[in-house]
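So the structure is just underneath, and the comments pick up after that.
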Amino acid sequence: MACGKTVRLGRILDLSGRGTVILPVDHGAYMGPIRGLEKPLDVIRVAVEAGVDSILLNKGLLKRCASEIARAPRPVGLVLRASGAFVAREPPEFEALISSAREALALGADAVAFTMYVGGRRHEEVVRAFGELVAECESWGVPVLGECLPSSELGSGVKAVKVAARVGAELGADVVKTIYAEPFEEVVDSCPVPIVIAGGRKRDAVGVLAEVKRAMEAGAAGVCIGRNVFQHDNPRAMLEAILKIVKEGAKLEEALRVAGVSGAEA
């Protein structure tokens with residue numbers, strides 16, 4: 001791996017072996033205004049103060065928060081969203097390429113993210129666009145986070161998730177983000193690059209934290225969870241609970257206390 005890519009990868013991942021926490025705040029370009037991200041700079045400040053490793057965001061927000069990131073008391077990696085689609089009506093099967101490695105570097109980002117729906121009707125288009133981005137990123141030494149999701153044709157079970165993750169890794173993703181499916185050990189074992197799990201739709205804190213705990217025990221490299229953090233009643237507490245599990249290996253009960261979840265809810 002080129003030294004430039006290695007350095008940048010170390011800015012978005014925790015390479016100490018403790019696990020990585022990435023906060024995605026790129027939802028606005030997919031859904032427009034979304035609850036919890038009315039003031040995205042406030043969310044980013046909370047994330048930086050809590051100790052996330054990196055933040056995934058679109059170019060417009062990156063430009064707005066650049067000075068905030070520069071003044072941060074501790075380094076935080078930036079992952080630029082390089083693909084996009086409108087998902088208000090239905091999940092897409094293809095995302096257009098909206099950025100590049102060169103633009104990512106110009107904006108101060110350390111990596112790019114591209115969403116790839118594996119096995120769908122537009123699979124060939126997806127693969128072509130992803131391949132073009134990977135080739136450009138390789139020449140500039142920019143890591144690629146591949147959000148590799150099984151299409152509706154593949155389904156959402158562990159076999160489909162294994163296929164999606166492996167295809168992304170084989171096509172050049174340096175890190176794979178995918179959905180959780182059990183037994184997740186099979187997904188980790190079949191993918192030769194680090195895997196972080198997506199948070200998905202908004203759910204109760206107990207279910208999310210339990211899933212984070214199971215994923216980390218199964219060998220995940222970390223998490224990339226957005227809505228289940230910034231739409232929580234107390235985003236800071238929820239983020240700190242996730243960090244407790246990922247960074248310290250905390251038990252679920254301890255994480256629930258940090259998140260402020262009562263015994264009755266658990």
Complete set of residues in the range 33-53 that are on the phi > 0 side of the Ramachandran plot and surrounded by fewer than 16 Cβ atoms within 10 Å (Cβ to Cβ) = G51
task = Can you give me the number of residues within the range 1-13 that are in a loop (DSSP other than H, G, I, E, B) and either at pLDDT 95 or above or basic (K, R) (or both)?
result = 1
The range 250-266, subset at pLDDT below 65 and loosely packed, with under 14 Cβ neighbours inside 10 Å, residue nearest to the chain's Cα centre (by Cα) = E265
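I'm trying to understand the selection: among the residues of the range 139-175, which are in contact with a Pro (Cβ under 7 Å, 6 or more places away or on another chain), closer than 27 Å to L57 by Cβ and buried (at least 21 other Cβ atoms within 10 Å of the Cβ)?
Result: V161, A164, D174, V175.
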request  = Take the residues in the range 2-41 that are touching a strand residue (DSSP E or B) at 6+ places or on another chain (Cβ under 9 Å) and among the hydrophobic types (A, V, I, L, M, F, W, C), then tell me which one is nearest to K244 (Cα to Cα).
outcome  = V21
key: Residue list for the range 71-91, filter: surrounded by 17 or more Cβ atoms within 10 Å (Cβ to Cβ) and either among the hydrophobic types (A, V, I, L, M, F, W, C) or farther than 16 Å from D26 by Cα (or both)   = V76, L78, V79, L80, A82
ask   = If we scan the range 118-135, do we find a residue that is within 19 Å of the chain's Cα centre (by Cα), farther than 20 Å from I225 by Cα and small (G, A, S)?
value = no
remark   = Of (1) under 30 Å from R64 (Cα atoms); (2) of a type in the set (V, I, T); (3) in contact with a Leu (Cβ under 9 Å, 6 or more places away or on another chain), V127 fails just (1)
query = If you check V196, V223, which single one turns out to be touching a helix residue (DSSP H, G or I) at 6+ places or on another chain (Cβ under 7 Å), closer than 25 Å to R11 by Cβ and in a strand (DSSP E or B)?
reply = V223
query = Within the range 120-141, can you find the residues that are in contact with a strand residue (DSSP E or B) (Cβ under 6 Å, 6 or more places away or on another chain) and within 27 Å of V7 (Cα to Cα)?
reply = A129, F130, L133, V134, C137
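The values are calculated or read from the model by the stated rules, or taken from the named source; none is laboratory data. No experiment lies behind these values; they were computed from the predicted model shown. Because the Cβ atoms are built from the backbone with ideal geometry, glycine has one as well, and the counts that use them run over all protein chains shown.
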